[in-house]
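Notes follow the structure.
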């Protein structure tokens, strides 16, 4: 399959969010990436359920919801009801990761697991065959516009070997610092989903930028 582009709504203009949602609908983007932050797992707070529901009303593409929150199991059903199509939880936030992944799938969503920059990709060996997505944080989570962490390429290579060894169907998603200088290298390394926030929404022509990212 060709790679997917998932613009991050966190970087959109919140005063004109419907406009930006409609731009993504009309663009070559594949998913909407929605970051959920609780101010505890990461040092920032983002969207609540009413905002997700409002976005969902206007989207024509899947919602890729990334939970950067403590104890995410409390809210899996609620995120399903809010409109999540792909739901990703952090390895670092789950005491019983297998159970969380199984619960997400039982609710009819695709299940993802995310890892922070300091977390070894090797820790996913026992779960990678069970997930649909591995989200590699290529910046420290919490804020947009950060500098890309170069060790991400090594993690992609490690995950590729694990996916091959386990015959997993997991897609490798890169979240943070994706820009026009590194996106081709990430795709060549094996990334299948690129989350792009600041790169898209700070562009003078966001739709054209998405097209360029999509070409690879």
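Every number here is computed from the coordinates shown, using simple stated rules; none is lab data. Note that the structure is a prediction, hence the values are computed from the model and not measured. No Cβ is skipped: glycine too gets one built from the backbone with ideal geometry, and neighbour counts run over all protein chains shown.
Annotations
- FRET E, pair residue 203, residue 81, Förster distance 35 Å, beta-carbon r, rounded to 0.05: 0.60
- Considering only beta bridges that DSSP places wholly inside the chain, some 5 percent are antiparallel.
- Mean separation of Cα contacts under 8 Å (6+ apart) over length of the chain, as relative contact order %: 22 percent
- When 58, 66, 90 are sorted by how many other C-beta atoms sit within 10 angstrom of their C-beta, beginning with the fewest, the order is 58, 90, 66.
- Segment residue 158-residue 102, length gained on full extension (0.36 nm per residue, minus Cα span): 17.8 nm
- Overall, the anisotropy analysis places segment 104-164 in the oblate class: the square-rooted eigenvalues a ≥ b ≥ c of its C-alpha gyration tensor yield a/c not less than 1.5, with a/b not exceeding b/c.
- Segment 1-55: Cα Rg divided by the 2.2 N^0.38 Å rule of thumb: 1.23
- Overall Cα dimensions of segment 68-157, principal axis frame, Å, largest first: 36, 29, 21
- Pairwise Cα separations in segment 136-216 fall into 10 Å bins from 0 onward with the following percentages, short to long: 18, 49, 27, 6, 0.
- For segment 107-216, share of DSSP beta bridges that run antiparallel, in % to the nearest 5: 0 percent
- One chain, two ends: residue 166 and residue 73. Fully extended at 0.36 nm per residue, the span grows by 30.9 nm beyond their Cα-Cα distance.
- Ordering 178, 42 by the number of other Cβ atoms within 10 Å of each residue's own Cβ, fewest first, gives 42, 178.
- In this calculation the C-beta distance from residue 122 to residue 61 is compared with R0 = 30 Å, giving a FRET efficiency of 0.35.
- Packing-based ranking of 95-103, 79-87, 13-21, 194-202 yields 194-202, 79-87, 95-103, 13-21, ordered from highest to lowest mean Cβ neighbour count within 10 Å.
- Cα convex hull of the chain - mean projected area over all directions, nm²: 10.6 nm²
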